[in-house]
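Below: one structure, written as structure tokens.
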Amino acid sequence: MIMRLKPIQLSILVCCLALVLFVGCLGNPSPVPPEPEPEPSGTLLKREFRIGIAPDYPPLAYKFRGQLVGLEVDFANQLGKELDKHITFVETPWAALIPALVEGKIDIIMSGMSITEERAKRVSFTEPYMQIGQMALVRARDQASFSNLESFFDTTARVGFVSQTTGEQAAKAIFSKAKLVPQPTVEDGIAALRQRGIDIFIHDAPTVWRIGGNPAEKELIGLYWPLSEESLAWAVRKSDVPLQFALGRVPVRGG
């Protein structure tokens, strides 16, 4: 028997069928096609990669007995093997790394650099290989003065950080009453803390872990509150899209 539907019943049925089809489309979205690999060009065609590195950031990049060592050095050497490139390290002061890259003096920055909006305007970053944040070092004898985050943020003490780093950004954002004292390098900041030139030193978590976690360290201690969330990555020139793509496919990063 054929059942005849009234016009209003037919309209409701059509709407229900349309809704089922719509929901079905939402539940099974079409797969996004993978981004096509760009044709090799620019730096990727060269035999040598010049790696910009500021060797003052243990355990990522530093010197031991006059030799460059650290995770970034290991990553760079493995990168050379994976892409069959000769690796040349170019030691560069931290503040000069991005200018050196933009000006063509180096090809890749591999020096524990955090991705920031301001830096991303000048260079292109690869996928992050590590998540970190800023933390604080203080003198052990002063630890009681910073018993909680409220008293820490409200301090009027002298806060040190390395200029032109995310430590500087964190210090300026967190401490409204403190006296901010820029430091040229990590070593300068730690020395200033020991010599009572500053009362707090803000730097990346690996630095605070290294100093504060050293059993032989009796004078300084870490305050292990994460003060920021940051992603470390490598940087290339914005025009080096094939290089950026190739670095993202090399299985040398961890963490």
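We did not get these values from a lab; they are worked out from the coordinates using the rules stated. Everything numeric in this text was worked out from a predicted model, so none of it was measured. Please note: Cβ atoms are built from the backbone with ideal geometry, for glycine as well, and neighbour counts cover all protein chains shown.
Legend: residue pairs Lys177/Lys218; Lys121/Lys238; Lys46/Lys81, Cα-Cα distance threshold 21 Å; pairs beyond threshold, Lys177/Lys218. Taking amide hydrogens as placed 1.01 Å from N in the peptide plane, the amide H of Leu60 sits under 5 Å from those of Leu71, each at least 5 positions away in sequence or on another chain. About its Cα centre, the dipole of region 102-191 is roughly 260 debye, where the only charges are +1 on Lys and Arg Cβ and -1 on Asp and Glu Cβ. Close amide-amide hydrogen proximity is noted between Gly52 and Val90, Asp107, Ile108, Ile109, Met110, each under 5 Å apart and 5 or more residues distant or on a separate chain (H modeled in the peptide plane; Pro and chain starts excluded).
Which percentage, to the nearest 5, of the DSSP beta bridges contained in region 100-255 is antiparallel?
Details: 17 of 25 bridges.
If I count the DSSP bridges inside region 100-255, around 70 percent turn out antiparallel.
Count charges around Thr165 for me, please; just the other residues with Cβ under 12 Å from its Cβ, Lys/Arg as +1, Asp/Glu as -1. So the surrounding residues net to -3. Within 13 Å, Cβ to Cβ, of Glu91, how many net charges do the neighbouring residues add up to if Lys/Arg are +1 and Asp/Glu are -1? Value of the local net charge: +1.
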